[in-house]
Amino acid sequence: MPDKPVFILAIESSCDDTAAAVLHNDKVLSNVVANQLIHTEFGGVVPELASRAHQQNIVPVIDAAIKRANISKEQLSAIAFTQGPGLMGSLLVGTSFAKSLSLALNVPLIAVNHMHAHILAHFIDEESFDKPTFPFLALTISGGHTQIVKVNDFFDMEIIGETTDDAVGEAFDKSAKILGLPYPGGPLVDKHAQKGNPKAFAFTKPKVPGLDFSFSGLKTAILYFIQKKATENPDFIAENIDDICASIQHTIIEILMDKLKLAVKETGIKQIAIGGGVSANSGIRTTLKNAEKKYGWKTYIPKFEYTTDNAAMIGIVGYQKFLAETFENASVVSKARIQF
């Protein structure tokens with residue numbers, strides 16, 4: 001632990017949310033997010049519009065984060081930012097600002113892997129939230145990623161299972177689109193699922209060897225099922241929306257749990273931590289908590305605000321890298337795809 005307090009300003013701009021946070025060591029002092037509502041009318045994120053919105057939002061968001069933390073920018077110990085993965089235009093906005101501020105304040109610059117941050121968000125100091133001990137298994141689930149990661153230490157991680165095609169978040173969102181639900185549809189599927197019967201309709205689970213996932217076949221099966229039923233009864237979706245969503249969500253959760261159970265069996269590790277935007281799903285959270293009694297696991301579910309894209313999770317990685325003195329210079333570049 002350093003002799004004096006460490007204040008990390010963290011910047012997250014990997015997709016369509018502009019976020020900034022200030023951490024005092026491992027405790028969050030502020031966590032500000034500016035959402036981009038413009039993408040709703042297009043049914044998905046438009047990269048060019050996202051990068052333009054980041055340019056508009058980044059100064060007021062960072063200013064708000066520093067003010068809410070009740071510190072001055074001169075007190076900052078380092079600037080952490082998302083290097084990747086993500087949309088290149090969006091990443092460039094955050095990277096460029098972080099470089100400039102680091103240079104202006106003469107403080108270290110820290111590059112963060114967005115997916116590492118989803119995992120290490122569990123190490124933010126939060127009252128009533130336990131931190132996992134090493135080693136543990138991390139299930140990272142989002143719109144772009146589905147991974148099972150063996151976490152041996154803060155920066156010693158190994159992907160032992162991942163999707164061979166689409167991510168679980170895309171499966172939720174595309175299913176919602178098939179049902180005519182607005183973007184982002186994943187949370188709406190969850191909302192309807194809470195009122196439906198998860199066994200109302202059966203969908204075949206893909207047979208993928210080992211710990212890898214596949215969701216493209218499930219999306220196709222859902223599309224054909226809805227098309228067939230809607231042809232037979234034009235009001236099928238409206239009359240059965242809760243049961244359809246519950247059945248889709250139940251199938252997706254079973255796919256995730258089957259692979260987690262296999263990962264536990266193969267590694268002998270019974271500590272499970274989830275992260276990523278889809279970990280906000282109520283069904284997944286409930287199933288994992290129930291797994292503690294059912295399978296004897298210890299499960300870790302992050303605070304809701306640290307599941308979707310946010311800067312606090314970037315800050316906690318920044319803090320650990322600050323302690324390890326893992327810094328970058330001005331030649332560091334954004335990467336849409338980055339080695340895990």
Go through region 270-295 and report how many residues are farther than 17 Å from Gly143 by Cβ, in contact (Cβ under 8 Å) with a residue 60 or more places away in the chain, in contact with a helix residue (DSSP H, G or I) (Cβ under 8 Å, 6 or more places away or on another chain) and not in a helix (DSSP H, G or I). 2
Of everything in region 178-191, what is small (Gly, Ala, Ser) and part of a loop (DSSP other than H, G, I, E, B)? Give them in sequence order. Gly180, Gly185
Which listed residue is open to solvent by less than 30 Å² (accessible area, probe 1.4 Å), within 29 Å of Ile314 (Cα to Cα) and not in a loop (DSSP other than H, G, I, E, B), from Ile244, Ile252: Ile252
Total residues in region 257-269, condition open to solvent by less than 20 Å² (accessible area, probe 1.4 Å) and either out of contact with any helix residue (DSSP H, G or I) (no Cβ under 9 Å at 6 or more places or on another chain) or modelled with pLDDT under 95 (or both): 1
Consider Ala50 carefully, then state whether it is in contact with a Ser or Thr (Cβ under 9 Å, 6 or more places away or on another chain), modelled with pLDDT of 95 or more and open to solvent by less than 20 Å² (accessible area, probe 1.4 Å). no
Pick from Asp190, Asp130: which is among the acidic types (Asp, Glu) and either closer than 17 Å to Gln249 by Cα or at pLDDT 95 or above (or both)? Asp190
Just give me the residues in region 296-305 being part of a helix (DSSP H, G or I) and surrounded by 15 or more Cβ atoms within 10 Å (Cβ to Cβ), in sequence order. Glu305
From the list Asp173, Asp165, which one is part of a helix (DSSP H, G or I) and open to solvent by 30 Å² or more (accessible area, probe 1.4 Å)? Asp173
Can you name every residue in region 262-271 that is closer than 27 Å to Met313 by Cα and more than 20 Å from the chain's Cα centre (by Cα)? Ala263, Val264, Thr267, Ile269, Lys270
Select from region 192-221 the residues that are without any contact (Cβ under 8 Å) to a residue 24 or more places away in the chain and either assigned to a helix (DSSP H, G or I) or under 17 Å from Gly143 (Cβ atoms) (or both) and list them in ascending order. Gly217, Thr220, Ala221
Output yes when any residue across region 118-130 is in a strand (DSSP E or B), open to solvent by less than 50 Å² (accessible area, probe 1.4 Å) and not hydrophobic (A, V, I, L, M, F, W, C), and no when none is. no
Looking across region 68-105 at residues that are in a helix (DSSP H, G or I) and free of Cβ contacts under 8 Å to residues at least 24 places away in the same chain, the single one that is surrounded by the fewest Cβ atoms within 10 Å (Cβ to Cβ) is Ala104
Inspect all residues belonging to region 33-43 and state whether any of them is at positive phi, modelled with pLDDT under 95 and surrounded by fewer than 18 Cβ atoms within 10 Å (Cβ to Cβ). yes
Under 6 Å between Cβ atoms, at least 6 apart or on separate chains: pull out the pairs that start in region 222-236 with a residue that is open to solvent by less than 50 Å² (accessible area, probe 1.4 Å) and end on any residue that is assigned to a helix (DSSP H, G or I) and of a type in the set (Gly, Ala, Ser). Ile222/Ser175; Phe236/Ala230
Among the listed residues His118, His145, which satisfies the condition of being under 18 Å from Tyr319 (Cβ atoms) and under 14 Å from the mean Cα position of the chain (by Cα)? His118
All positions within region 272-295 that are open to solvent by 10 Å² or more (accessible area, probe 1.4 Å), of a type outside the set (S, T, N, Q) and over 11 Å from the mean Cα position of the chain (by Cα): Gly283, Arg285, Lys289, Glu292, Lys293, Lys294, Tyr295
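The values are calculated or read from the model by the stated rules, or taken from the named source; none is laboratory data. Note that the structure is a prediction, hence the values are computed from the model and not measured. Here Cβ is always computed from backbone atoms with ideal geometry, including for glycine, and neighbour counts include all displayed protein chains. Ligands, DNA and RNA are excluded from the accessible area calculation, which covers all protein heavy atoms including side chains. Shrake-Rupley method; radii C 1.70, N 1.55, O 1.52, S 1.80 Å.
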